[in-house]
Each structure stands twice: as C-alpha cells, then as structure tokens.
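Everything on this sheet refers to the single structure shown next.
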C-alpha cells in the first residue's frame, strides 16, 4: 500500500510538473508570437515609410516636370518660319491645294 501511495504521489508530482512546464511553454510561445508581431509591425512601418518617401519623390519629380512643361518657351529665329510653313502645308492639305 505504501508503494501505491508513493507511486500516486510521484504521479501527482509528475502531473503538476508537466502542468507547470506546459504553462511555461505556453508563455514562451506567446512571448515569441508577440516578438514576431512587433518585428513584423516594425518592418511594415519601415516599408510603408520607404514607399511613401519614394512616392513623394516621384510626385515631386512629376510636379517639377509639369511646371517645366507648362512654362511658355521662347521661339527661336527659325521656329516662326517653320511654324508658318507647317500651317501653310496643313492649310493646303485641308483645302485640297498643293502643299
């Protein structure tokens, strides 16, 4: 009977230790998941910030290009002549004349 009681006590102790170890394993797992979530969030924030910087730079470049394209350009000395020739050719084509 003493051996049975001793075995039962040992079994209870073993179950208690296993239960405690399971709690520790669960806590370590939750800590690992929290750490992974924090690292992932940090990476996503870095990627988002990098994307926003790149997008802002691209928008600024496009705005600068749009500004440059919207400014009137000075016509050169032969530009007026070339435009007049192009207009004459177009007028001739539209009216059936010889370009």
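Bear in mind these aren't lab numbers, they're just calculated from the coordinates by the rules spelled out. Not measured: the values here are computed from a predicted model. Cβ placement follows ideal geometry from the backbone for every residue including glycine, while neighbour counts extend to all protein chains displayed.
Observations on the model:
- Against the set (1) 36, 17, 7; (2) 89, 16, 5; (3) 47, 22, 13, the structure's computed semi-axes √(5λ) of the Cα gyration tensor in Å falls on (2).
- The length gained on full extension between residue 65 and residue 37, counted as 0.36 nm times the residue separation minus their Cα-Cα distance, comes to 5.9 nm.
- Helix 2-70 vs. the chain, principal-axis angle (Cα, 0 to 90°, nearest 10): 10 degrees
- A simple spin-label model places the labels of residue 90 and residue 75 1.2 nm from each other, with each point 7 Å out along Cα-to-Cβ.
- Put a dot 7 Å past the Cα of residue 14, heading toward its Cβ, do the same for residue 55, and the two dots end up 6.0 nm apart.
- Region 74-89 and region 1-69: distance between their alpha carbon centers, rounded to Å: 69 Å
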